[in-house]
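Okay, structure first, notes after.
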Amino acid sequence: MGKSDIEGKYALVTGSSKGIGRAVALMLGEMGVNVAVNYNNSKDAAKEVEENLHKMGVESFIVHGDVSDVDQVAKMINQVTKTFGGVDILVNNAGIIDDGLLIRMSDEAWDNVISTNLNGTFYCTRAVLRGMIRRRWGRIINIGSVVGIRGNIGQVNYSASKAAIIGFTKALAKEVATRNITVNTVTPGYISTDTVDVLPQETKDRIMTWIPQGHFGEVDDVAHLVSYIASHKAKYLTGQVISIDGGMAI
């Protein structure tokens, strides 16, 4: 386990059983950060992340919670606070997609995506913010998306949820700037995860024409950026939207 300037801090990474969230949780663990691993459906995968973190010598436990449900969020944060004493680093990673053209989009598809991606970010952040203010230190890192910047056909709901997180980030950053709390959003492009891997080859080929670098990113690309933002080295970085997308947002 490598030493870092945030060794011993306590983090909650939502949706950290798989994909980007998993990579972020493990990289924070490598930095000596104790990590609460949140999951909604993938308990076995969350347990595997927890076990890997324990091997690094940090504290970790899994915690269930659907971030779109304010009562479940309250229960989750209470459990994390009881175990860790508080949350120093919150990574709002949990998110879903439910794609379709707007003309045929159901109320349910709209509501589910907004509830998880946007409301979940609000619920989790509000629940940990008072403790960060009291301790006068905190890192809130939101995982947005390149489509929140440039849009995408068939993803009006997802694009709207991720674009809203950008406004959320900038406003909250101003509210807590004097309390030594930073708030930033990372906007990944197409990253090699289960969601992207199952796309038809024709779709992958089309997406590749949008990426100047000509290839998909890796989950560790995002995790490295998040771990930097979480560190003391990024103490003067707040209210920013940082794209990691191979050039898609240019």
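The values are calculated or read from the model by the stated rules, or taken from the named source; none is laboratory data. The model shown is predicted, which means the values in this text are computed figures rather than measured ones. No Cβ is skipped: glycine too gets one built from the backbone with ideal geometry, and neighbour counts run over all protein chains shown.
Points to keep in mind about this one:
- In this structure, Thr209 does not qualify as in contact with a helix residue (DSSP H, G or I) (Cβ under 8 Å, 6 or more places away or on another chain) and not charged (D, E, K, R).
- When Asn93 is tested against the conditions (1) free of Cβ contacts under 8 Å to residues at least 40 places away in the same chain; (2) touching a strand residue (DSSP E or B) at 6+ places or on another chain (Cβ under 9 Å), the lone failure is (1).
- Looking across the range 219-246, just one residue is without any contact (Cβ under 8 Å) to a residue 40 or more places away in the chain, more than 19 Å from Phe168 (Cα to Cα) and either surrounded by fewer than 17 Cβ atoms within 10 Å (Cβ to Cβ) or of a type in the set (Val, Ile, Thr) (or both), and that is Tyr228.
- Looking across Thr187, Thr195, one residue alone is touching a helix residue (DSSP H, G or I) at 6+ places or on another chain (Cβ under 9 Å), under 21 Å from Lys18 (Cβ atoms) and part of a strand (DSSP E or B). It is Thr187.
- Condition check for Asn78: of a type in the set (S, T, N, Q), surrounded by fewer than 24 Cβ atoms within 10 Å (Cβ to Cβ), in contact (Cβ under 8 Å) with a residue 12 or more places away in the chain and farther than 17 Å from Tyr228 by Cβ: no
- Count - residues of the range 167-216 that are under 21 Å from Ile96 (Cβ atoms), modelled with pLDDT of 90 or more and buried (at least 18 other Cβ atoms within 10 Å of the Cβ): 10
- Residue count for the range 121-161 satisfying the condition of being surrounded by 15 or more Cβ atoms within 10 Å (Cβ to Cβ), within 25 Å of Val80 (Cβ to Cβ) and either without any contact (Cβ under 8 Å) to a residue 60 or more places away in the chain or not hydrophobic (A, V, I, L, M, F, W, C) (or both): 17.
- Every pair of residues 6+ apart whose Cβ atoms lie under 7 Å, when the first sits in the range 24-42 and is more than 16 Å from Ile141 (Cβ to Cβ) while the second is modelled with pLDDT under 95: Glu30/Met1; Glu30/Gly2; Gly32/Met1; Gly32/Lys3; Gly32/Ser4
- Scanning the range 157-184 for residues being polar (S, T, N, Q), under 14 Å from the mean Cα position of the chain (by Cα) and part of a helix (DSSP H, G or I) gives a total of 2.
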